[in-house]
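Undergrad: Okay, here's the structure, questions in a sec.
What follows is calculated from the coordinates using simple rules that are stated; it is not laboratory data. This one's a predicted model, so the numbers in the text were calculated from it and none came from an experiment. Backbone-built Cβ (ideal geometry, glycine too); neighbour counts: all protein chains shown.
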Amino acid sequence: MSSTKDPKTKNAVSRRGFLGGMGIGTGAVGAGLLEREAIASPAAATVAGPGAAPITLNINGKPVSLTAEPSVTLLDALRNHLDYTGAKKVCDRGTCGACTVMMAGKSVYACSVLAIDAQGKPIETIEGLPVDNPISTAFVNHDAQQCGYCTPGMVMATKGFLAEHPNPTLEDVKNGMGGNLCRCGTYMGIRQAVLEAAKNMKGAKNG
């Protein structure tokens with residue numbers, strides 16, 4: 001008499017065997033993933049904060065040091081810690097341009113840069129320009145300021161703009177200076193001042 005096996009048990013795997021196999025398999029896969037992730041992960045970055053940290057900035061050719069929280073902006077570091085008050089705090093959102101300074105040869109909104117990230121980059125503020133510099137002189141010649149609150153940012157933005165566009169047209173000036181707002185509305189004088197400054201700076205180089 002031949003014996004028959006229950007079809008339900010044919011090719012069946014015990015619960016214990018199944019879990020054991022899963023444990024071995026997933027363990028091997030997991031170990032492989034962890035190993036690859038460990039190899040691929042970069043070295044831990046240096047972390048500053050949350051308390052105050054030492055910061056050294058290069059401003060107008062001189063190193064200056066302060067202690068501030070990593071969240072302090074370059075604008076607040078300049079005004080509140082270092083007494084460079086030429087850059088003005090108006091919108092504090094990177095839209096008006098009153099806080100414009102030069103950093104690494106480019107004009108930037110100081111309210112949108114962290115002071116701790118500005119380390120190692122040369123920073124130039126309105127205080128670093130000679131009194132009779134061609135840009136400021138042109139602004140005076142064309143009465144390009146009324147309340148004067150936006151003027152330091154305008155002058156620094158002009159410096160950055162002319163560094164990239166030494167021979168601008170009026171249309172170039174309109175577009176290139178569009179990131180700086182004048183609430184007094186002296187745009188006509190400002191644009192003419194930028195054009196005159198470009199001409200005088202070009203003449204000074206050729207002279």
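Undergrad: Any idea what log10 I(q)/I(0) is at q = 0.11, 0.13, 0.22 Å⁻¹ for the range 39-151, Debye with uniform C-alpha scatterers and no solvent?
TA: Here the Debye-derived log intensity ratios amount to -0.41, -0.54, -1.25.
Undergrad: Would you mind pulling out the separation of the Cα centroids of the range 52-84 and the range 156-192, in Å?
TA: 28
Undergrad: Taking the simple approach of a point 7 Å from Cα along Cα-to-Cβ for both Tyr187 and Val64, what is their distance in nm?
TA: Result: 3.3 nm between the two label points.
Undergrad: Of Lys121/Lys202; Lys89/Lys174; Lys159/Lys202, which ones are farther than 18 Å apart at the Cα? If you can, show how the numbers build up before the last one.
TA: On the way: Lys121/Lys202 27 Å; Lys89/Lys174 23 Å; Lys159/Lys202 13 Å.
In this structure, Lys121/Lys202; Lys89/Lys174 exceed 18 Å between Cα atoms.
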